[in-house]
Amino acid sequence: SPFSVISPLKCAKVNKMQTQVEDSVKPIVDPHDIDPKLLQKLAYDALVWCSLRGLVVGDRNSERSGTVPGVDMVHAPVALLPISFPEIHWKQACEVAPIFNELVDRVSQDGEFLQQSLSRTKKVDPFTSRLLEIHSKMLKINKIEEIRLGLHRSDYMLDEKTKLLLQIELNTISSSFSGLSRLVSELHRSLLQQYREDIALDANRIPKNNSVNQFAEALALAWNEYGDPRAVIMFVVQAEERNMYDQHWLSASLRERYPTLNDSCGFNVDHGSDKRKIAIFKTLKIIKTLGEIDALGELQQDGTLVVSGELGFLMEQSRAVKCPSISYHLAGTKKIQQELAKPNVLERFLENKDDIAKLRQCFAGLWSLDESDTVKDAIGKPELYVMKPQREGGGNNIYGEDVKKALLKLQKEGTGSDAAYILMQRIFPKISCSILMREGIPHKEQTISELGVYGSYLRNKNEVLINQQAGYLMRTKVSSSNEGGVAAGFAVLDSIYLV
Ligand code: ADP
Ligand code: MG
Ligand code: MG
């Protein structure tokens, strides 16, 4: 049975304190065998904890929950207990985080590489084309970004057969859940402590997760580097956002830890765009919406944006620290991920051979659709591949028989629209069993998990001020589901238990 492979609870160390109460220790072996009364108690306490500590999201059944804070909140979808994860792969993911940060920074400086790699995609994908247009304008005016701020999240799955930790993607824009993931680690630690007589798991084996504070620190330091006490940190978010509490956690961490920034944090709404930018603007007024920025923004001679016109261009041209800048955004596209996996491409950006080897070790098979042998193979064995367009946020990929259909259709059309996609080796993680909490109800499911490791990066001219791993996010989903979106309702937030 797939459940026999899960032994997080079996492997657990019973700590010394517990030996006194050994008689009453009833280690559970399998979350699916958990005593129903214990499950009820655990679930109840978890729900209380989430409510008291702000581990919440807007309720999707409510209209106002994405716009008005404080109404119609529901606990975030979470796993009731942490999922086991090999320490060696955890360490590996942490170790490569700063190397990936550096890679993004290097790639972002190679405008020709970005434009060239995306040139075919540009012709068939209007979204990518818009981004490249902004990018080429910046190249034309020779825009130099002196202060570079990256808040990234590199996602992995552990391939069961090969035992390789393989990168799913690297997010350079909207790296979400830094606020809520930290809380999930705390929730799990708290439950393990509280129920140590029933569950023989050592709370200390859940790694510390300081993601939100480390992101806040990077933002605050970037503000400091900007060097103008009147500058504000502006969060540009979607008009409707049920995950707003995750974002508010970041802004709250900034306010609490950096009181001098108190008047400088503005929460702003980006209408009609699917991206969120965190930027530092020099302005005296905290504006509320991108519409207002459109109406009020003015770019001064020295590049200062004082909050008009096409915001994409305006913001990019300004001296504001963008997170991400257009070149960081492009460096995080799936097409660039695939280009970087080609032989000898990493060598173009990094010198250290060990670093290169470490990154390459996490690369899954990645192909462009002009590689005819791979396309042929994928048509024959579509279940071994995932097809991905240049989009973010989940729900866009193609799996299974649909891969075959899509490839055959593209071949028939022959219009070059295949350049909108990449092909990726499908990764098959170990199937575990978990208890997933949704809308107050525990569900026992067979699941697979995806580990995201955050990275923060800050550079001013030649000085690298921050380059570090910055916490993590585990997401666990029902094993039969292809996509992993938490917001989309497939996955839940989880933490890891090192084994
Ligand atoms: P997005 O930017 O939309 O999040 P991803 O590349 O992360 O795009 O894909 C979304 C989800 O699809 C992932 O969270 C993961 O669950 C699943 N997925 C993506 N690539 C693979 C793969 N190679 N093998 C298995 N599952 C994958
Ligand atoms: Mg993504
Ligand atoms: Mg993703």
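The values are calculated or read from the model by the stated rules, or taken from the named source; none is laboratory data. All values derive from a computational prediction rather than experimental measurement. Counting neighbours? That spans all protein chains shown, and the Cβs are built from the backbone with ideal geometry, glycine included.
Some values worked out for this structure:
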read-out: Matching residues, the stretch 377-397, being surrounded by fewer than 18 Cβ atoms within 10 Å (Cβ to Cβ) and either away from ligand 3 (no atom under 14 Å from the Cβ) or among the hydroxyl-bearing types (Ser, Thr, Tyr) (or both); value: Asp377, Ile379, Gly380, Lys381, Glu383, Leu384
read-out: Candidates Leu132, Leu139 - the one that is away from ligand 3 (no atom under 16 Å from the Cβ) and within 19 Å of Gln337 (Cβ to Cβ); value: Leu132
read-out: Residue within the stretch 484-491 that is more than 11 Å from ligand 1 (Cβ to nearest atom) and either within 18 Å of Met157 (Cα to Cα) or not aromatic (Phe, Trp, Tyr) (or both) present; value: yes
read-out: Members of the stretch 352-401 found to be closer than 26 Å to Ser174 by Cβ, away from ligand 2 (no atom under 16 Å from the Cβ) and among the acidic types (Asp, Glu), listed by number; value: none
read-out: Residues located in the stretch 370-392, provided they are near ligand 1 (Cβ under 10 Å from one of its atoms) and in a helix (DSSP H, G or I); value: Leu384
read-out: Any hit, the stretch 343-361, residues being at pLDDT below 95 and over 30 Å from Ala46 (Cβ atoms); value: no
read-out: Single unsatisfied condition, Val453 versus (1) more than 29 Å from Glu102 (Cβ to Cβ); (2) in contact with a Cys (Cβ under 7 Å, 6 or more places away or on another chain); value: (1)
read-out: Test set (1) over 28 Å from Cys94 (Cβ atoms); (2) within 16 Å of ligand 3 (Cβ to nearest atom); (3) not basic (Lys, Arg) - Gly400 fails condition number; value: (2)
read-out: In the stretch 452-468, residue farthest from Tyr497 (Cα to Cα) [restricted to those that are in contact with a helix residue (DSSP H, G or I) (Cβ under 6 Å, 6 or more places away or on another chain) and crowded, with 21+ Cβ neighbours inside 10 Å]; value: Leu458
read-out: Thr374 vs. criteria farther than 16 Å from Glu483 by Cβ, at pLDDT 95 or above, away from ligand 3 (no atom under 16 Å from the Cβ) and of a type in the set (Val, Ile, Thr); value: yes
read-out: Lone qualifier among Gln92, Gln18, Gln40 - being among the polar types (S, T, N, Q), modelled with pLDDT of 95 or more and surrounded by 14 or more Cβ atoms within 10 Å (Cβ to Cβ); value: Gln92
read-out: Those residues of the stretch 394-440 which are β-branched (Val, Ile, Thr) and out of contact with any helix residue (DSSP H, G or I) (no Cβ under 8 Å at 6 or more places or on another chain), in sequence order; value: Ile427
read-out: Residue identified as more than 11 Å from ligand 2 (Cβ to nearest atom) and under 15 Å from Lys430 (Cα atoms) among Leu180, Leu158; value: Leu158
read-out: Any hit, the stretch 408-422, residues being more than 16 Å from ligand 2 (Cβ to nearest atom) and in a strand (DSSP E or B); value: no
read-out: Tabulated pairs, the stretch 374-400, first over 13 Å from Leu423 (Cβ atoms) and polar (S, T, N, Q), second away from ligand 2 (no atom under 11 Å from the Cβ) and not in a helix (DSSP H, G or I), C-beta under 6 angstrom, 6+ apart or interchain; value: Gln390/Asp125; Asn396/Pro389
read-out: Leading residue by the ranking (modelled with the lowest pLDDT) among those in the stretch 161-186 that are in a loop (DSSP other than H, G, I, E, B) and not β-branched (Val, Ile, Thr); value: Ser174
read-out: Hits in the stretch 393-445 - residues which are of a type in the set (Gly, Ala, Ser) and either more than 16 Å from ligand 1 (Cβ to nearest atom) or in contact with a Leu (Cβ under 9 Å, 6 or more places away or on another chain) (or both); value: Gly414, Gly416, Ser417, Ala419, Ala420, Ser434, Gly440
read-out: Among residues of the stretch 448-485, those that are in contact with a Lys or Arg (Cβ under 6 Å, 6 or more places away or on another chain), within 16 Å of ligand 2 (Cβ to nearest atom) and farther than 16 Å from Lys430 by Cα, counted; value: 2
read-out: Every residue from the stretch 124-160 that is assigned to a loop (DSSP other than H, G, I, E, B) and of a type in the set (Asp, Glu); value: Asp125, Glu145, Glu146, Glu160
read-out: Subset of the stretch 151-192 [under 18 Å from Ser84 (Cβ atoms) and either within 16 Å of ligand 3 (Cβ to nearest atom) or of a type in the set (S, T, N, Q) (or both)]; value: Tyr156, Met157, Leu158, Leu165, Ser181, Ser185
read-out: Residue within the stretch 188-196 that is part of a helix (DSSP H, G or I), over 30 Å from Ile422 (Cβ atoms), touching a Ser or Thr at 6+ places or on another chain (Cβ under 6 Å) and more than 15 Å from ligand 2 (Cβ to nearest atom) present; value: yes
read-out: Residue in the stretch 443-451 that is assigned to a loop (DSSP other than H, G, I, E, B), farther than 27 Å from Val104 by Cβ and either more than 16 Å from ligand 3 (Cβ to nearest atom) or under 18 Å from the mean Cα position of the chain (by Cα) (or both) present; value: no
